[in-house]
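**Student:** Here it is, the structure, as structure tokens.
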């Protein structure tokens, strides 16, 4: 019996050509992890663009704010228009800022992996640069002015005006930073493996949606007067659906945009948190397990499953939501077809159906049916069966193991 | 079972839908619906723990402080993927993980298997059981978690350590008590020829002396000499008072180690060893020799735990009739809290036994865990010295065994007071 | 091997009991709410003689979207374009569900008499305020609370007028939409008493009917749009006379001293001067100069239709308006579509006396004309070039929420709608819902715990303590003396008896240490330092 038990396998002992271990250095370069991070980044950008195109562009976007500020100060802001997107139309206003946000977030993520000493130096350097940029010119001109005139005096107005440029610059950058907060924090979170940053990115987006929802609430929107008009209100009553699957039109373009926002938030959240979760698990494994090919193999399994499920389940979630939202028109059709009853007529034309209530009830009905389906359709067995048909060798391999 | 995340997602989804309806905000409703759709879609796959588990140990019995190699083979016998499955082998908390890990996160496809290997160190003697195997299956997004276990146990016995004591006996200043294997001229299990006798039904055939049969026509069997020089009796004190000290250093632990070591030493010399353990009752292993006896003694010692308060005299009274005349008796006891010890020892000496009292210094063990006032300690120590002196005065050999002292070192101190 | 099905019968039993109780409670609540009835009438979605499908079909044919409202008028708050929406309420046959809500004073109230809850009435009032048009047709039903919001009251007693249709019976009363009462000449209305709609005719100077502006314009019938009912011989011939046939009516009153939501309240139709109201409902009319127990009933002229507008002009572009009519059945198929009802060849609404015996036929009336003119005024597009056409977002909502259903499923479904609308539309219910959601979140936060991560903890922490109480005992002088004497005895190999019999002097010489001898023989008080030194001496004693 004792001979049966072998010591833990080790990649060096088993002599694999390119030994793979679960050390973070190696795991971070693994294709599944990188893929998940890329998916999360794409989802983040997608979510941001969808939110921006639905709620921000043309109503409260940063270029409009910059324009207003420029009108107020009667001058151009020091930050270049090519950088802010001023003067462009529609979504193109956001392309350059998003790239800036990605770079900044990436830089912050990179910084997170430096030694504390380097981090401290970079932060210090940043603060010093900021201070120098802010008051450097003023101090230089003021001090040299005093030096040349041999008199102690307060800075004069021309010297003080040198503060204008840096202040405006910092203000512009701060505004841009605020607009890009989800992108910056999200990228930092994904690549810098920071849960807090991801929570910031999601939280900020949800906060924005929440505030927008409150401002769009008719009661409050009415109180805002002319400012209220700049809030993009998405009405509850809808026109005919134009997007669907299998030729069945289910939702309108606007609804689809809202679904995309919701689904992309989830893709971003699940992929980015997933990466952190798996790396954390690997990190906590003892050294011998990190080198054990068995652990490496199972980690591969788990990561592959996560990747598959990210596409499969989150895709299905999007489709299910779309169908659920469009289900009221399907239900309407069914009720309309079943003639004869006064109720059928009422329901098919009810304002509740076309308003959100019918939408929600029918969506809830659809989702309930889907949920119940799990008890009738053994998905797992079906997929397992398909898998075993496709990979018959795994089963035999398993049997060999038992015979030992 | 839903996880906290799933519960929050669901409650959040419902809340978003309802609040969205209150303030006529479609984004909120859609976000809520997406949350719920996410839960619904994910409920289609829940994973399972329907796996076969096989645990292999490097040994079933081992000595205290030794390493145990464990291998757990987990095989998915079903036709479904297990999904994210956490496998955790429950190991007694008295055992230390030396290398590897007793758990793994895996996702086994149908028919696939995974091996979890780890090494345990067993610092305590006793009977232990590894298992059951706990399983926790989750779905990929941590929305559902189900816990179950496979009731698969592996029992192991950790024997007390065996210390080398031969040198102690060789270098002992006392007159040689035990002079080595000399044949006792009594019939029994052994190697040397003792006599011929007539066959009695039940005698093994291999003992039949065929030449004698040919010669006499009667079935005759060879009788062998008993190999043992003597029967050695070890009396181990496992009363409640023996637990004083730390987990690794207490009179009982040291007592078991010394009992095991002495038994090993004498059994190796082909002597017969008997073991009596007294706590709230008396358990007695009659004298015997050989590996089987060795195993029996170690097993008995592995399971010893402190309890009860049986006086030594009760032990000697009940056993003295069975003791072979003149055979040496080892009493391993702190001699605390038992007024009958001097009388019992005197009685044994009077019966002609060579009595050795191996007494772990209880007060010094107590000092490892309690702050004893200096003066009280000195007086307690004096009292103990008095007690040992009394025993020595009765004709026993007494060893005052300090906690930091090796067994062989202690044995060399054997002396009459 | 797998032992994950750990049946806990007690737990299962408790759960079953809990859910059963919950189900019973839910069913009992639903049983109160669900109100089944076989009297199916006044529905725009049914095509019996006493339903209003013809009216709805006409509206649809005009290209106007029709919708039903099956839950609660609270939903009117969600209508995006009230200006182009008309809300029609015909017959309030059932009361509202008695759910707690805020009343107009901000207090919590549970019971709501008269059909609609305060918040629902608020929703209707706000809808009309926002430019919506409402038509309330009721007689003995529960619409009173809505009327009260505008300073109008449904008397709720049956009204008899001399202007009734003889061929039918006295329940069929003529109502002329004009400021003066019309009268009968034999079996038909005296043409001399017929006048025009006071406002629509344009006689008030403003508020003329939009179709009157198209009067005399030549156009195809298809182009006539909402004024098609006035199309004749290739042109619009607007005529503002309206003789409406009503059935089983009551009277409307302006509540004295009460000003409703709108200041501009006009009476649009009255009865003749000889109308009577059967106050005690005994089917007989007893009237006198004053109302008393002998003559409890009333007679004179009563109001049949009242219109309240946001502005004098009653122009939908200036604000909303609401019209009350004292009959819930003014637009039922039998009257509205009398041709279809009377058609012996193809009766649309089933067999009746007119079809079979040519008796009791519904006389020609202007109900359709009036109703369609009402819709036309409310929903005609005000855009240039679209005159006569309905506006793009025109919608008519029929309130079906107060018509009982005859199927359990249907009523349950409507109830679910109602509850959903109620909980997301009514102030107190929203508050309650917030509370429930908050509690749910708290419960998840507090109660829902994820299983702890597994971790092997190596732990052999164990301490076997001795009896610490004996420490003080062992520092007492007597105990020390006893231990010392034992040591002396042992050292000298004496038995207990020998030692006790030994004289003191001999013991002193045995001890051979004055301090210890004194300690052994003379019991006395020793300080701590002295005791320590004594113990040290005892320890050293006898070593040589």
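The values are calculated or read from the model by the stated rules, or taken from the named source; none is laboratory data. This is a predicted model, so every value here is computed, not measured. Note: ideal-geometry Cβ built from the backbone for every residue, glycine included; neighbour counts use all protein chains shown.
**Student:** Just checking, how many residues over the range C:336-380 are within 20 Å of residue C:169 (Cα to Cα) and either assigned to a helix (DSSP H, G or I) or not assigned by TED's automatic domain parsing to the domain that holds residue C:172 (or both)?
**Tutor:** Of the residues in that region, 11 qualify.
**Student:** Follow-up question, since we're still on this one. If you scan the range B:102-117, which residues turn out to be more than 9 Å from chain A (Cβ to nearest Cβ) and in a loop (DSSP other than H, G, I, E, B)?
**Tutor:** Result: B:102, single match.
Quick grid of which residues meet (1) more than 7 Å from chain B (Cβ to nearest Cβ); (2) assigned to a loop (DSSP other than H, G, I, E, B); (3) closer than 30 Å to residue B:121 by Cβ:
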position: C:433; (1), (2), (3): no, no, no
position: C:444; (1), (2), (3): no, no, no
position: C:450; (1), (2), (3): no, yes, no
position: C:454; (1), (2), (3): no, yes, yes
position: C:483; (1), (2), (3): no, no, no
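**Student:** Hey, another quick one. Confirm whether residue B:219 is at pLDDT below 95 and either touching a helix residue (DSSP H, G or I) at 6+ places or on another chain (Cβ under 7 Å) or surrounded by 24 or more Cβ atoms within 10 Å (Cβ to Cβ) (or both).
**Tutor:** Yes, satisfied.
**Student:** Out of C:499, C:484, C:458, report the one residue that is farther than 23 Å from residue B:388 by Cα and surrounded by 14 or more Cβ atoms within 10 Å (Cβ to Cβ).
**Tutor:** Answer to the check: C:458.
**Student:** Just to be sure I understand, how many residues within the range B:187-201 are under 41 Å from the mean Cα position of the chain (by Cα) and either in the same structural domain as residue B:348 (by TED's automatic domain parsing) or modelled with pLDDT under 80 (or both)?
**Tutor:** Number of matching residues: 8.
**Student:** Restricting attention to the range C:413-425, which residues are at the interface with another protein chain (Cβ under 10 Å from one of its Cβ atoms) and in contact with a strand residue (DSSP E or B) (Cβ under 9 Å, 6 or more places away or on another chain)?
**Tutor:** First pass over the range C:413-425, keeping only residues at the interface with another protein chain (Cβ under 10 Å from one of its Cβ atoms): C:413-414, C:416-418, C:420-421, C:423-425.
Residues satisfying the conditions are C:413, C:414, C:417.
**Student:** Another question, then. Give the residues of the range C:211-222 that are surrounded by 13 or more Cβ atoms within 10 Å (Cβ to Cβ) and over 45 Å from the mean Cα position of the chain (by Cα), sorted by residue number.
**Tutor:** Residues satisfying the conditions are C:215, C:217, C:219.
**Student:** Just to be sure before I move on: is residue C:201 over 30 Å from residue C:120 (Cα atoms) and out of contact with any strand residue (DSSP E or B) (no Cβ under 9 Å at 6 or more places or on another chain) in the structure I sent? Can you show your working first?
**Tutor:** Values: over 30 Å from residue C:120 (Cα atoms): yes; out of contact with any strand residue (DSSP E or B) (no Cβ under 9 Å at 6 or more places or on another chain): yes.
Yes; evaluated as a whole, the condition is true for this residue.
**Student:** While we're here: Restricting the range B:297-311 to residues that are farther than 14 Å from residue B:124 by Cβ and in contact with a strand residue (DSSP E or B) (Cβ under 7 Å, 6 or more places away or on another chain), which is surrounded by the fewest Cβ atoms within 10 Å (Cβ to Cβ)?
**Tutor:** My answer is B:299.
**Student:** Going residue by residue through the range B:369-383, is there one that turns out to be touching a strand residue (DSSP E or B) at 6+ places or on another chain (Cβ under 7 Å) and facing chain C (nearest Cβ under 9 Å)?
**Tutor:** yes
**Student:** Could you list, in sequence order, all residues of the range A:112-133 that are outside any helix (DSSP H, G or I) and touching a helix residue (DSSP H, G or I) at 6+ places or on another chain (Cβ under 8 Å)?
**Tutor:** Within the range A:112-133, A:113, A:114 meet the criteria.
**Student:** Another one. What is the residue count in the range A:255-284 for residues that are surrounded by fewer than 22 Cβ atoms within 10 Å (Cβ to Cβ) and facing chain B (nearest Cβ under 7 Å)?
**Tutor:** Qualifying residue count for the region: 1.
**Student:** Same structure again: Please go through the range B:236-252 and pick out each residue that is facing chain C (nearest Cβ under 8 Å) and in contact with a strand residue (DSSP E or B) (Cβ under 6 Å, 6 or more places away or on another chain).
**Tutor:** Those that are facing chain C (nearest Cβ under 8 Å) and in contact with a strand residue (DSSP E or B) (Cβ under 6 Å, 6 or more places away or on another chain): B:243, B:244, B:245, B:250.
**Student:** Right, next: Could you count how many residues in the range A:1-52 are within 13 Å of chain B (Cβ to nearest Cβ), in a helix (DSSP H, G or I) and modelled with pLDDT of 85 or more?
**Tutor:** The qualifying residues number 5.
**Student:** Hey, among A:333, A:384, which residue is at pLDDT below 80, in the same structural domain as residue A:269 (by TED's automatic domain parsing) and under 30 Å from residue C:402 (Cα atoms)?
**Tutor:** Numbers: A:384 fails: under 30 Å from residue C:402 (Cα atoms).
None of the others qualify; the one that does is A:333.
**Student:** Please find, among B:24, B:59, the residue that is assigned to a loop (DSSP other than H, G, I, E, B) and either closer than 17 Å to residue A:357 by Cα or more than 8 Å from chain A (Cβ to nearest Cβ) (or both).
**Tutor:** B:24 is the lone residue from the list that is assigned to a loop (DSSP other than H, G, I, E, B) and either closer than 17 Å to residue A:357 by Cα or more than 8 Å from chain A (Cβ to nearest Cβ) (or both).
**Student:** Give the range B:384-405 a look and list any residue that's touching a strand residue (DSSP E or B) at 6+ places or on another chain (Cβ under 7 Å) and free of Cβ contacts under 8 Å to residues at least 40 places away in the same chain, or say none.
**Tutor:** Matches in the range B:384-405: B:392 only.
**Student:** If you don't mind, another one. Which one of these does residue C:368 not meet: (1) at pLDDT 85 or above; (2) closer than 21 Å to residue C:68 by Cβ; (3) in contact with a strand residue (DSSP E or B) (Cβ under 8 Å, 6 or more places away or on another chain)?
**Tutor:** Condition (3) is where residue C:368 drops out.
**Student:** Now, a different point. Does residue C:429 meet the test of being in a helix (DSSP H, G or I) and more than 12 Å from chain A (Cβ to nearest Cβ)?
**Tutor:** Criteria met by residue C:429.
**Student:** I've got another one for you. Quick one: in the range B:27-50, of everything that is within 52 Å of the chain's Cα centre (by Cα) and more than 7 Å from chain A (Cβ to nearest Cβ), which residue is farthest from residue A:357 (Cα to Cα)?
**Tutor:** Restricting to residues being within 52 Å of the chain's Cα centre (by Cα) and more than 7 Å from chain A (Cβ to nearest Cβ), the top hit is B:50.
**Student:** Does the range C:393-409 contain at least one residue that is in a helix (DSSP H, G or I), over 30 Å from residue B:130 (Cβ atoms), touching a strand residue (DSSP E or B) at 6+ places or on another chain (Cβ under 9 Å) and within 14 Å of chain A (Cβ to nearest Cβ)?
**Tutor:** Scanning the range C:393-409 turns up at least one residue that is in a helix (DSSP H, G or I), over 30 Å from residue B:130 (Cβ atoms), touching a strand residue (DSSP E or B) at 6+ places or on another chain (Cβ under 9 Å) and within 14 Å of chain A (Cβ to nearest Cβ).
**Student:** Out of everything in the range B:118-134 that is buried (at least 24 other Cβ atoms within 10 Å of the Cβ) and within 14 Å of chain A (Cβ to nearest Cβ), what residue ends up being farthest from residue A:387 (Cα to Cα)?
**Tutor:** The extreme case among them is B:120.
**Student:** For residue B:330, are the conditions met, namely being surrounded by 22 or more Cβ atoms within 10 Å (Cβ to Cβ) and not in a helix (DSSP H, G or I)? Full working, then the answer.
**Tutor:** On the way: surrounded by 22 or more Cβ atoms within 10 Å (Cβ to Cβ): yes; not in a helix (DSSP H, G or I): yes.
Yes; evaluated as a whole, the condition is true for this residue.
**Student:** Among the numbered criteria (1) more than 8 Å from every other protein chain (Cβ to nearest Cβ); (2) assigned to a strand (DSSP E or B); (3) surrounded by fewer than 19 Cβ atoms within 10 Å (Cβ to Cβ), which one does residue B:85 miss?
**Tutor:** Answer for residue B:85: the failing condition is (3).
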